[in-house]
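First comes the structure, then the notes that go with it.
The values are calculated or read from the model by the stated rules, or taken from the named source; none is laboratory data. Note that the structure is a prediction, hence the values are computed from the model and not measured. For neighbour counting, all protein chains shown are included, and Cβ atoms are generated from backbone atoms with ideal geometry for every residue, glycine included. We work out accessible area using only protein heavy atoms, side chains counted, and drop any ligands, DNA or RNA first. Shrake-Rupley method; radii C 1.70, N 1.55, O 1.52, S 1.80 Å.
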Amino acid sequence: MTIVKRIGMSMTLGVVFIGELIRSSVAVARQVLGDSSQLEPAIIAVPIDLRSRAGVTALANCVSLTPGTTSLHVSEDLATLYVHVLDAPQPEAVVQSIKMTFETRLKEIEG
């Protein structure tokens, strides 16, 4: 894979991240300003399909920088990322969102 293609894919990841940042910021603001008694916080295990430590680190950073989520731990074998989520009424939907928005693009960048 050429460096130009990786730069293009990295820019796409950046645009996706900014979109998630805005969407999550609005959702967290609504939760903070609204009725927070309905929140369902959770710690979720996200299976990781990335091959490199750099990819796993980038994924953990994308998750932590998105409001409402925090990366807590990566398993020793780099196969699972543990994430604290402010509101997770459907934990599997959170896993799918992380995998589809960030992990898919990071896998493309890895090559």
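For the stretch 57-79, filtering for residues that are more than 15 Å from Ala42 (Cβ to Cβ), among the β-branched types (Val, Ile, Thr) and open to solvent by less than 30 Å² (accessible area, probe 1.4 Å) leaves 1. A single entry from Ser75, Ser36, Ser71 fulfils the requirement of being touching a strand residue (DSSP E or B) at 6+ places or on another chain (Cβ under 7 Å), hydroxyl-bearing (Ser, Thr, Tyr) and free of Cβ contacts under 8 Å to residues at least 40 places away in the same chain: Ser71. When the stretch 3-23 is filtered for residues that are under 16 Å from Met100 (Cα atoms), open to solvent by 50 Å² or more (accessible area, probe 1.4 Å) and in contact (Cβ under 8 Å) with a residue 60 or more places away in the chain, the ones remaining, listed by number, are Ser10, Thr12. Taking the stretch 80-100 as the range and being over 11 Å from Val46 (Cβ atoms), surrounded by fewer than 19 Cβ atoms within 10 Å (Cβ to Cβ) and touching a residue at least 12 places away in the same chain (Cβ under 8 Å) as the test, the residues that pass are His84, Leu86, Asp87, Pro89.
Each residue in the stretch 24-47 was checked for being surrounded by 14 or more Cβ atoms within 10 Å (Cβ to Cβ) and either over 26 Å from Ala79 (Cβ atoms) or of a type in the set (S, T, N, Q) (or both), and 5 pass.
Look at Thr69 and say whether it is out of contact with any Gly (no Cβ under 7 Å at 6 or more places or on another chain), of a type outside the set (Lys, Arg), modelled with pLDDT of 95 or more and more than 21 Å from Val26 (Cα to Cα).
Here the answer is no, as Thr69 does not meet what is asked.
Entry remark, the stretch 27-83: residues being closer than 16 Å to Thr104 by Cβ, of a type in the set (D, E, K, R) and either touching a Cys at 6+ places or on another chain (Cβ under 8 Å) or not in a loop (DSSP other than H, G, I, E, B) (or both) number 0 in total.
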